[in-house]
Each structure stands twice: as structure tokens, then as C-alpha cells.
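Visitor: The structure under discussion is supplied below as C-alpha cells; questions concerning it will follow.
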Amino acid sequence: MNFLKSKKEFLCPENAELAKKLKNAGNVRKICLIGGKLQGVEAAYLAKEAGFYVVLVDRKETAICKCFADDFECFDVIKEPERLIELSSLVDFVLPVNEEPETISFLETIAGKLRCCLLFDFDAYRISCDKIRSKEFFRKVNVPTPADRPETPPFFIKPKGESGSIGARIVETKEELASVPEGYLIEEYIPGPIVSLEMIGNGRNYIVVKETYVHIDDVYDCCQVTPLLHNPEYRDIAYRLSEGIGLRGIMDVEAIDSPRGLKVLEIDARFPSQTPICVYYSCGVNLLALLAESADPDFGVNPEKNIAAATNPRYKDTYGILEHVTFGKDGELVSGGEHLISAGTSLRMYYSDKSIPLEILECSRPDGYRAYTIICAGKDKDDAAKIRAKAFDLIRNGVPE
């Protein structure tokens, strides 16, 4: 990182000011996040937990991730690529945390010009963001997945190019299926809990971390994440997928844990939202820190060493919960998907007590809209439930003076 340039030597005056701030930050790792929505919140939260200096870049002043950034640079990387390229000389890592196709495609065209490590696998992302290509890949590496276009209902449909639960739903009859528009993947519907598992790799070695249970709301959006026990079969599937794709970055593997066994639903080769914070508070491993470790050529040669470097020992044996809630029509708190948070225009720390630990984020809008993300951990499931109940009380009754 070059902090020695004078202000006149910077092509972008904003970077001269940023260089001063980064120099004053001292000898800490520095990361630039591109995108200030939900993935950005997740990455920035974990980056701060790992002691990083966080520079956020987003073209919108209303980026909700600002509350976790040390510095916010508001500009469009597509319109001002030279500003990003120059900025990259001031940080250790650049991590795209958005899923805007134009932005991701553009970043790939300038990736070779960036002057630090770019923590993103464009090849893997191209496969994972296309559900048709993903299914072909699943079959190629022989992992179990729901059957396509079954003869009998119920069916499960989802857009071919959207991430996560957007547009996903159950179709009960063939008549209803006839009205499904083009651009949807049609699969057999398989009941069972949705589970998730993250992998991080450098193209040669791969590390798996912690299984989680993804609780969903009535529109198939994640409303809560809790930890699961070690699952050797799931881990084997995740390894095969990572090796098959030659993963150079992070990827989560989402599956149904059905009575007929695990069935892989999708992969996403980008920094996830929601599950990484639960992983952190359930085993201590910080996925953002571990992703940064993957830049080391020797990553995965000694996985225990990499994991230890990215682990907060305080949370090694705790039970973490991440949950989104808002007030229902009757005034009671109800769980809902992450769309509750993306519906807001600002985010702030509503309550924080690391000694418990319990943190509550409040998402709001000028019209009075409020939603909350509860982050907590207990020594076991029952203890975590008590802390969750405390969070509900703090939201209902307010934080004491």
C-alpha cells in the first residue's frame, strides 16, 4: 500500500484524503467493499469483528452498510473505474458484495488493473448465478439435486437467474404450472429443512466451516439462522462441488435435508448474507477473515492453522442466532425474511452488549417503518433462547437510559 503520494500525485483528490485516513489507521488490514446492501452489511460486520479497516464503496448515499464502515466513498465504479483502481493501491483486499450483473461484469474487465487482492471468483459466480448451468454442474459432479420437470405436482419453481428465494414458490397443480412465465426453473417439490454450508478455496485447497439451518418465512425468505451439528455427507458434497468448480473464493451450498437424503438446491459463489454471522457466533470462525486467508498461496495446506487465524475462541462452543423481526398488525413482534431489512433506508446499532453477547440492528425509513436484526449467542440452545427473549423485550420496551 502506498501512502507516500502527495495530494497532487493522486488522480482522484478523494483518494488523497482517504490515504491520510488509512495512514492514520496504522498497521491494520484494510478492505474495500463494493456494495452497501445486505451482503455488504454481513461482510462489514465481520470485517470489523476481525479488526479490519473498512472502506465502503456504493453509488447510493443511502447504502445501509454505512454504519459499519470506517470510510464511505460514494461513487459508481462503472463510471469512475480509475478512482477504484487507484483506491485499490491503498487497501489489502477488494471484495464485491453485490449481485448487480453490470457491476460484476465490469469488475471482471478491470480485475487485472487492481493493485491488491480481489476476493472474488468470476468463473464460479457465472455458474452459480445461472440455475440451469448450476443444475448441469451438479449432475456432472454427481451430487443429489431435485429432479427437473417432474410429471406430477407439487412443483417448486424459481427464476433461472435470481439469487436465493426471490420469486420462488410451490405450484400445486399442472393447471397453475401452465401459467408460469418463461425464465423459471421447474423442479420437484421436496419437503424438509433448508440447510447451508460455506466453502472457501484457492483453486487447490478447500476449507469447510459450519453447517447452519436456514429458517424460512411464508415467501421462502430466510428469517432466522441457527447452527447444526457436523454432517459428513454434506461436507463431502460441498468438497466435491468446490473441487469441481475449482473454487477461488467463497461459496455457499444450500440443500434440503429431506427424508430421502440431502438434495442440493443451489450454490452461490459470492459472500453470503445472514449465515456467516451465525457461523461466527456458533463456532468462532470469521468467514471474512478466512476468505482473506485464502489469498495466501499456502492456504489449505494446514487448514487448522488457517481456521485458527480466523477464529475468535470466545465463540468456539456457543450457539448463535441471527433473526429478523418487525411489528405485526397486532403489535406483536414477528419473524420475517431479510426483505424486512432491505426495505429500509438506514441501519444503526440499536443495542450492543458484547458481554452477553447480544446486538440488535435497527433498520428504518422516514415514514416510521422499523425492522430489527437480532444477533446473539448462548452457551447452548436454551441459553441462546433466553438471550433472544431479552432482545424481544428490548425491542418492545426500548433500551433503558
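The values are calculated or read from the model by the stated rules, or taken from the named source; none is laboratory data. Fair warning: this is a prediction, and the values are worked out from it, not measured in the lab. In this analysis, Cβ positions are derived from the backbone assuming ideal geometry, glycine residues included, and neighbour counts consider all displayed protein chains.
Residue by residue, here is whether (1) touching a residue at least 60 places away in the same chain (Cβ under 8 Å); (2) of a type in the set (Asp, Glu); (3) within 25 Å of Glu359 (Cβ to Cβ) holds:
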position	(1), (2), (3)
Leu18	yes, no, no
Lys30	yes, no, yes
Lys48	no, no, yes
Arg83	yes, no, no
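Visitor: What about Ser282, is it more than 23 Å from Tyr125 (Cα to Cα) and touching a Pro at 6+ places or on another chain (Cβ under 6 Å)?
Guide: Answer is yes for this residue.
Visitor: Check Tyr220, Tyr234, Tyr239 and return the single one that is outside any strand (DSSP E or B), surrounded by fewer than 21 Cβ atoms within 10 Å (Cβ to Cβ) and under 19 Å from the mean Cα position of the chain (by Cα).
Guide: Tyr220
Visitor: Sort out for me the strands (runs of 3 or more DSSP E) sitting completely within the range 26-115 that have 1 or more residues that are within 17 Å of the chain's Cα centre (by Cα) and closer than 21 Å to Ala289 by Cα.
Guide: 30-34, 53-58, 93-96
Visitor: Scan the range 174-225 for residues that are within 24 Å of Leu262 (Cβ to Cβ) and basic (Lys, Arg) and report the count.
Guide: Final tally of qualifying residues: 1.
Visitor: Could I ask something else about it? Is it the case that Ile207 is touching a Leu at 6+ places or on another chain (Cβ under 8 Å) and in contact (Cβ under 8 Å) with a residue 40 or more places away in the chain?
Guide: Considered against the rule, which asks whether it is touching a Leu at 6+ places or on another chain (Cβ under 8 Å) and in contact (Cβ under 8 Å) with a residue 40 or more places away in the chain, Ile207 comes out as yes.
Visitor: Follow-up question, since we're still on this one. Can you name the number of the only condition in (1) surrounded by fewer than 24 Cβ atoms within 10 Å (Cβ to Cβ); (2) of a type in the set (A, V, I, L, M); (3) out of contact with any Gly (no Cβ under 9 Å at 6 or more places or on another chain) that Leu288 fails?
Guide: (1)
Visitor: Additional query: When you scan the range 174-217, how many residues do you find that are under 30 Å from Asn306 (Cα atoms), assigned to a strand (DSSP E or B) and of a type outside the set (A, V, I, L, M, F, W, C)?
Guide: Residues flagged as under 30 Å from Asn306 (Cα atoms), assigned to a strand (DSSP E or B) and of a type outside the set (A, V, I, L, M, F, W, C) within the range 174-217 amount to 10.
Visitor: Can you tell me which residue within the range 151-160, out of those that are outside any strand (DSSP E or B) and surrounded by 15 or more Cβ atoms within 10 Å (Cβ to Cβ), is modelled with the lowest pLDDT?
Guide: Going through the qualifying residues, I end up with Lys160.
Visitor: Which one of these does His339 not meet: (1) surrounded by fewer than 17 Cβ atoms within 10 Å (Cβ to Cβ); (2) touching a residue at least 40 places away in the same chain (Cβ under 8 Å); (3) farther than 21 Å from Tyr280 by Cβ?
Guide: (1)
Visitor: Tell me, please, whether a residue that is of a type in the set (A, V, I, L, M, F, W, C) and under 26 Å from Lys381 (Cβ atoms) can be found in the range 211-220.
Guide: Yes, there is a match, as at least one residue in the range 211-220 is of a type in the set (A, V, I, L, M, F, W, C) and under 26 Å from Lys381 (Cβ atoms).
Visitor: Identify, please: which residue in the range 243-269 is over 17 Å from the mean Cα position of the chain (by Cα) and acidic (Asp, Glu) and is, among those, surrounded by the most Cβ atoms within 10 Å (Cβ to Cβ)?
Guide: Restricting to residues being over 17 Å from the mean Cα position of the chain (by Cα) and acidic (Asp, Glu), the top hit is Asp257.
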